């Protein structure tokens, strides 16, 4: 439909397509010099790599074929044992992106999170993050544990876990979420390989994905404004009185949604538990109250 | 111009803008333009509401709290925000209503629960931002 009165209307429809095409073009240009990527799973639950495998548009196959050269990840790589760790060591001398999921367990020199055995020595997650963190071009802390400590560093924190952000004395891009959305991870990496570091907020999160609170884009926001609240789970009104953390959590869940954009917590009648926020889970409790 | 007059001026300006936007919104034809002005109008209305709330609070701040409801700690603990009950919190002897404060979902806020005297906690986190309190509805005072 051609609109004579408002010139923005027509271009508006094609803007997303142009941006998508541009992103694909940049990635195709980068194909010859794909950057290496090390994905370390430290003291965490492997949730973020599982989340990554659930990615759609682009999916993880596209991500691995076209965007980066993932040289080390304990869940995805073919090599085992010392051969796998040799790959890790080889990559350290190249240009690479370091992705860490899970917090860094620091008690007893990191002994409670051993990720490899190399030449008879135990390699702890703490050691590996330290080695790679010093040399990496970019460090991404993916998931709430790596970004803020998360469940790994929750009270009473017996393993003295720390976030990668606190552990490494360098710039770390935080991509929080429990788990992080595959498109937040792939999107941040796509930005790095195409244009360099994305614009970050005060807490070093990409504004692109973590700029606005859930509350501000919540489909139940009008109920909140009219002060109509759900009194128990399963009701369609605003779940603020049940302890929703949407107003203090900045992510774009309401528009991006999960599982190939099928649904998201509030769409499925559970209040937001603030999983992508600093202080999760201790400061976000109780998750539900009535 | 003192602070009071400044707020009054802002309220006047805001009402003028709302009148203007309402007129435009009535006359535009393009649906997208209509949406655009409608958005502006909503924004401006919210702003006015905030200003009025602020102005009302400024007046009530000068009120004598002796006429207001007095709460004991036990009474206060009834208003803990659970089961859709109101969420009241005392800071510096004044009881505030946080029932619809967005950061206090379910009467809880970063591990703190409503229905208590949270003066120390407030001071340690927002001690330098007393203006937060100014915008909150007050419901009474805490009996010592």
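Residues of the stretch A:26-63 that are in contact with a helix residue (DSSP H, G or I) (Cβ under 9 Å, 6 or more places away or on another chain), farther than 30 Å from residue A:123 by Cβ and assigned to a helix (DSSP H, G or I): A:26, A:27, A:28, A:29, A:30, A:31, A:62.
Let's see how each residue does on (1) touching a strand residue (DSSP E or B) at 6+ places or on another chain (Cβ under 7 Å); (2) within 16 Å of residue A:114 (Cα to Cα); (3) touching a residue at least 60 places away in the same chain (Cβ under 8 Å):
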position: A:128; (1), (2), (3): yes, yes, yes
position: A:137; (1), (2), (3): yes, no, yes
position: A:151; (1), (2), (3): no, no, yes
position: A:155; (1), (2), (3): no, no, yes
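Any residue at all in the stretch A:242-251 that is outside the structural domain of residue A:148 (by TED's automatic domain parsing), under 22 Å from residue A:143 (Cα atoms) and surrounded by fewer than 15 Cβ atoms within 10 Å (Cβ to Cβ)?
no
Which ones in the stretch B:110-130 are in a loop (DSSP other than H, G, I, E, B) and either modelled with pLDDT under 90 or out of contact with any strand residue (DSSP E or B) (no Cβ under 6 Å at 6 or more places or on another chain) (or both)? B:110, B:111, B:116, B:127, B:128, B:129, B:130 - these are the residues of the stretch B:110-130 that are in a loop (DSSP other than H, G, I, E, B) and either modelled with pLDDT under 90 or out of contact with any strand residue (DSSP E or B) (no Cβ under 6 Å at 6 or more places or on another chain) (or both).
Looking at the stretch A:1-39, which of the residues that are within 17 Å of residue A:68 (Cβ to Cβ) and modelled with pLDDT under 75 is nearest to the other protein chains (Cβ to nearest Cβ)? By that ranking, first place goes to A:30. Against the definition (at pLDDT 95 or above, over 20 Å from residue A:197 (Cα atoms) and buried (at least 18 other Cβ atoms within 10 Å of the Cβ)), how does residue A:103 come out, yes or no? So residue A:103 fits the description; yes. Given the structure, is residue A:205 touching a residue at least 12 places away in the same chain (Cβ under 8 Å) and not assigned by TED's automatic domain parsing to the domain that holds residue A:165? For residue A:205, the condition - touching a residue at least 12 places away in the same chain (Cβ under 8 Å) and not assigned by TED's automatic domain parsing to the domain that holds residue A:165 - is not met. As a summary of the residue check, residue A:270 satisfies the conditions (1) within 10 Å of chain B (Cβ to nearest Cβ); (2) free of Cβ contacts under 8 Å to residues at least 60 places away in the same chain; (3) over 18 Å from the mean Cα position of the chain (by Cα) except for the one numbered (1). Across the stretch A:157-180, what is the total count of residues that are touching a residue at least 60 places away in the same chain (Cβ under 8 Å) and in a loop (DSSP other than H, G, I, E, B)? Total satisfying the criteria: 7. Restricting A:235, A:227 to those that are at positive phi, at pLDDT below 95 and surrounded by fewer than 17 Cβ atoms within 10 Å (Cβ to Cβ) reduces the list to A:227.
Here residue A:136 fits the description: surrounded by 24 or more Cβ atoms within 10 Å (Cβ to Cβ) and more than 13 Å from the chain's Cα centre (by Cα).
The values are calculated or read from the model by the stated rules, or taken from the named source; none is laboratory data. Fair warning: this is a prediction, and the values are worked out from it, not measured in the lab. All Cβ positions, even for glycine, are placed from backbone atoms using ideal geometry, and neighbour counts span all protein chains on display.
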